[in-house]
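Just below is one structure, and these are the notes that go with it.
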Amino acid sequence: MSSVMKAISENFGDYAIYFTNSSDVMIVAKKQGKISNPTGMIFDFSDMATALKRLEILNEQDLLIRKVGSKRILNPLFQSFNISTNSDYFLVLAQKAPKSMFLKQMVPELEDLNSFAIPIAEILADKPPLKVSSVSKNLFLYSANIARQGHFIFQHLQSVESSKISPKLKFDAKTLSLLQNIQASFCDMLSAEQTWLPHLHKLAKFTVPFLSPPEMAVIWQHIESKPCFEQLSEKVKNWVNIYKAVGARNFEKMQHFAVSLLPKTGEIAASKENHYLLTVAMLAYDQLDQPRKAMVLSQRYKNWKNPPIILRFILTWMSSQPLSR
C-alpha cells in the first residue's frame, strides 16, 4: 500500500483515505488544492446517497468515522517505508500485494490509527470532532461498532449519575461484561492493578477516540466517585488520569502522566502499555511545541526497527515537522 500511496503523492496535490469496511479502503485524490472534509451535502445527490447506503453510510458522521487521514498527516508514514513507488514500469503492487493480502498487512494496521485510544487525526486538525451519537450501525466496520458501544456506555453512566432510568441500549455481550466490570466496587478487589486495570484499558479503547470531552467527563466522574477509588495504587490512578487527560485534550497533563508511567531512566521496552504512553507523550509534546523533548524520549525506545504502526506514525509525523517552531 505504501508503494501505491507514494505514487499517488507524486501525482496528486492531496488525498484522503477512508475505510469502506474493516478490510478495504477508498482513496480520494485531488490533482491540485486540498480535499475538504465531507459534509452532508453529498447525500443531496440521490445516486451517490444510494451507493453510500449500500455501504451503510447514511450521514456525515458515518463518513467521518471512516476517515483515516489526509496526505498532510499520512504522507510521512508512507514515505518512511523502504519500498519503491508503484508504476507501469516497476510493478511493486503486482509483486507484493499477494503476500501482503496473505499476511493481512497494512490495512488492518491503518484501522489501528482509527481505533487507537487517542483521537489522533482530530488532535492534528485533520478532521473535525466526531458526533458519535449519529454513527450508524455497521456490521462490517470495527471502529463504528465500538464507537456505538462506547456511546451506549456513556448514555448508561449518564443516566446513573443523574439518577434517571437508563434508556434501552443495545449492548453486545462483551460491552455488557465490560460495563459490569467497570462498575464493580474497588473495595472488593484484592488487586485492582491485575483485575480492574485491563478493563480500564478496554473502556478507553471504546470511548476515548470517539466521545467528546464533556461525554468523557461523565464517565470519569462516575469512576472517581466510586467507594475506595482513593485507595487505588498510584499506578492505577495515573492510568485513569492519563485517559482522562486524553479525553479532555489536556496536553500538559497528557505528557505529565505519560512520562510518570514510563520508566524514569534507561531503555523503554516494547509493550502495549509503553507504546500507548510513548504515543501520548510525543503527541502532547508536539502540541505543546516541544518537539526536542519528544525526540529525546523516543531515543530511549528499543524497538524502532519494527515499531507498531501507531508509533511509526507519530515518529514520522514529528520528523516531518520543524524542530524550531
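A short reminder: the numbers here are calculations on the coordinates, not readings from a lab. For clarity, every value in this text was computed on a predicted model and none was experimentally measured. We place every Cβ from the backbone using ideal geometry, glycine too, and count neighbours over all the protein chains shown.
A quarter of the convex hull surface defined by the alpha-carbon atoms of region 251-325 gives 4.4 nm² as the mean projection. Over region 215-275, all Cα pairs binned in 10 Å intervals from 0 give whole-percent P(r) values of 20, 47, 27, 5, listed from short to long. At what distance in angstrom do the alpha carbon centres of region 223-251 and region 111-153 lie from each other? Cα centroid of region 223-251 versus Cα centroid of region 111-153: 22 Å apart.
When each of MET254, MET41 is scored by the number of other beta-carbon atoms lying within 10 Å, the sequence from fewest to most is MET41, MET254. Charge tally for GLU224 (other residues, Cβ to Cβ under 14 Å; Lys, Arg +1; Asp, Glu -1): +1.
For region 132-319, the extents of the C-alpha atoms along the principal axes are 51, 40, 27 Å, listed from largest to smallest.
The reciprocal of the average 1/r between distinct C-alpha atoms defines the Kirkwood hydrodynamic radius, which for region 1-47 equals 12.2 Å.
Amide H contacts of LYS67 (H built 1.01 Å from N, in plane; Pro and chain starts excluded): PHE19 sit under 5 Å, all sequence-distant by 5 or more or on other chains. The alpha carbon centroids of region 157-188 and region 272-325 are separated by 35 Å.
Which entries of LYS34/LYS137; LYS168/LYS244; LYS34/LYS272; LYS30/LYS293; LYS264/LYS302; LYS131/LYS170 have Cα-Cα distances beyond 24 Å here? In this structure, LYS34/LYS137; LYS168/LYS244; LYS34/LYS272; LYS30/LYS293 exceed 24 Å between Cα atoms. Checking every one of the trypsin sites (Lys or Arg not before Pro) in region 1-63 against DSSP loop status and a limit of 10 other Cβ atoms within 10 Å picks out LYS31.
Remark: spin-label model distance VAL296-GLN155 equals 4.8 nm, labels positioned 7 Å along the Cα→Cβ axis. What is the local net charge at GLN299, summed over the other residues whose Cβ is closer than 13 Å to its Cβ (Lys, Arg +1; Asp, Glu -1)? Neighbourhood net charge equals +3. Looking at the chain, the pairs of alpha carbons with a distance over 34 Å make up 27% of the total.
If each residue's Cβ is checked for other Cβ atoms within 10 Å, how do MET5, MET48, MET318 rank with the fewest at the top?
Arranged by neighbour count, lowest to highest, MET5, MET48, MET318 become MET48, MET318, MET5.
Binning all Cα-Cα separations of region 127-238 at 10 Å, short to long from zero, yields these whole-percent fractions: 13, 46, 32, 9, 0. Over all other residues within a Cβ to Cβ distance under 13 Å of THR175, the charged ones net out to +4, with Lys and Arg as +1 and Asp and Glu as -1.
Using the Cα centre as the reference, give the magnitude of the dipole from point charges on the C-beta atoms of the chain (Lys, Arg: +1; Asp, Glu: -1; all else neutral), rounded to the nearest 20 debye.
Around 360 debye, computed over the chain.
Taking other C-beta atoms within 10 angstrom as a stand-in for reagent exposure, THR279, THR316 fall in the order THR316, THR279, fewest first. The calculated 222 nm mean residue ellipticity attributable to helices in the chain amounts to -16000 deg cm²/dmol, summing -39500 (n - 2.57) over DSSP H runs of n ≥ 4 and dividing by all residues.
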